Amino acid sequence: MAELYVKPGNKERGWNDPPQFSYGLQTQAGGPRRSLLTKRVAAPQDGSPRETSPGPPPMGPPPPSSKAPRSPPVGSGPASGVEPTSFPVESEAVMEDVLRPLEQALEDCRGHTRKQVCDDISRRLALLQEQWAGGKLSIPVKKRMALLVQELSSHRWDAADDIHRSLMVDHVTEVSQWMVGVKRLIAEKRSLFSEEAANEEKSAATAEKNHTIPGFQQAS
C-alpha cells in the first residue's frame with residue numbers, strides 16, 4: 001500500500017533520505033472535493049421563472065384523470081323523458097270570492113238588524129267593490145280579505161276580528177273607507193249566530209223537558 005504513495009525512488013539517493021510521496025495519485029483517487037451550494041440564489045429581476053435543481057417528485061395523490069366522469073353542471077336540464085317539477089304559483093284572490101260571502105252575511109242580518117245599519121254596511125261594501133275593481137287595493141290587502149271571509153264563513157269571529165285589526169294597522173290608507181262596514185258586519189253576524197244558537201238550545205231544552213213530563217202527549 002505504501003508504494004502507491006511513493007514515487008519511484010531515486011536510485012542515487014542515500015539509504016537514509018526520506019521517500020518522495022506522490023500526491024498526484026491521491027488526486028486521481030479522491031479528486032478535489034466539490035463544495036456544496038448552500039447559498040440561496042436571488043430571484044431574477046426580469047420576472048422569468050427561476051430554474052431549480054431537479055428533486056424527488058412531491059408525495060401526494062395523483063392528479064385526477066381527464067377521463068374521469070364529471071358531475072353535470074348546475075342548472076342543466078333534466079334527463080330525457082323526465083318532466084321538471086313545477087310548483088304552483090299562488091294566485092291572487094278573486095273579488096267575487098270575497099264579496100259574495102260578505103253580501104250573503106248581510107242578507108242574513110236583514111230582519112234582525114236595523115235598516116240604517118244594513119244600508120251603511122251595503123254602502124261600505126260597494127266602496128270595497130269599486131276600489132277592488134279599480135285596481136286600488138294591493139295584493140296583501142286582497143289576500144287578507146280572502147282569509148277574513150273564510151274565518152267569517154267558518155264562524156271563527158275572533159280570528160276574523162284579528163285580521164280586521166291587522167288590516168287597519170298595516171294598510172289603513174287602503175281600507176279605512178270600507179273596513180268600518182266589514183267590522184260592523186262581523187259584529188252583527190256574530191250576534192245573530194249567538195242568538196240563533198241560544199234559540200236552538202232553548203228549543204232543545206224545551207223539547208227534552210216535554211218528553212220527561214208524565215202523561216204528556218204530543219199533538220199528532
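The values are calculated or read from the model by the stated rules, or taken from the named source; none is laboratory data. Everything numeric here is computed off the predicted structure, so don't read it as measured data. Note that each Cβ is placed from the backbone with ideal geometry, even for glycine, and that neighbours are counted across all protein chains shown.
Can you find a residue in the stretch 88-95 that is at pLDDT 90 or above and polar (S, T, N, Q)? No: the stretch 88-95 contains no residue that is at pLDDT 90 or above and polar (S, T, N, Q).
Please indicate, with yes or no, whether at least one residue in the stretch 188-202 is assigned to a loop (DSSP other than H, G, I, E, B) and among the basic types (Lys, Arg). Scanning the stretch 188-202, I find no residue that is assigned to a loop (DSSP other than H, G, I, E, B) and among the basic types (Lys, Arg), so the answer is no. Among the criteria (1) within 19 Å of Leu106 (Cα to Cα); (2) outside any helix (DSSP H, G or I), the one Leu137 does not fulfil is (1).
Can you confirm whether the stretch 131-150 contains a residue that is over 18 Å from Glu92 (Cα atoms), of a type in the set (A, V, I, L, M) and surrounded by 20 or more Cβ atoms within 10 Å (Cβ to Cβ)? No: the stretch 131-150 contains no residue that is over 18 Å from Glu92 (Cα atoms), of a type in the set (A, V, I, L, M) and surrounded by 20 or more Cβ atoms within 10 Å (Cβ to Cβ).
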